[in-house]
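Report on the structure given below.
Please treat every number below as a calculation from the coordinates, not as lab data. In this text the structure is predicted, and so the values were computed from the model without any measurement. Positions of Cβ are backbone-derived with ideal geometry, glycine not excepted, and every protein chain shown enters the neighbour counts.
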């Protein structure tokens, strides 16, 4: 029983570390996404003043498509560089080393770690579902308000042009 306590503490530390890295990553990425959204809104507003709305929307869409294409090209180039830069003898040596590691004690430890993690997750899942659902239902008005606000903000409204008069009588 003493050995299992160490394994569970190690698994808990691993899960805690992974969750902490995820939370910190989200804390860094979410403000950047919000800033990108506001920058896109400002650019779209400026482009709507300069060009027609359809052309402005196409320019913004093209900018995002260009950014995605550049990221895909960079990803493909960076992924292909390590494989192309190594000579065949080094690749054969690495393959032999990986097979030796898989057949040795490292693979047993990795398999054991995976088994412990899977057991911990299957054990904790039923325990975490109830608190999550309780928190969701406790905050249901806030969740519904956010859903309604998201629905309203994503609707497209027709804006009257400068030559059209807006009057409350019509």
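Points 7 angstrom from Cα along the Cβ direction at residue 121 and residue 9: gap in nanometres?
For the pair residue 121/residue 9, the computed spacing is 2.5 nm.
Test of understanding: what is the full-extension gain from residue 75 to residue 143, defined as 0.36 nm times their sequence separation minus their Cα-Cα distance?
20.8 nm
Quick one: if you stick a label point 7 Å off each Cα along the C-beta vector at residue 16 and residue 55, how many nm between them?
About 6.0 nm separates the two model spin labels.
Sticking with the crude label model, points 7 Å out along Cα→Cβ, report the distance from residue 110 to residue 43 in nm, one decimal please.
About 4.1 nm, to one decimal.
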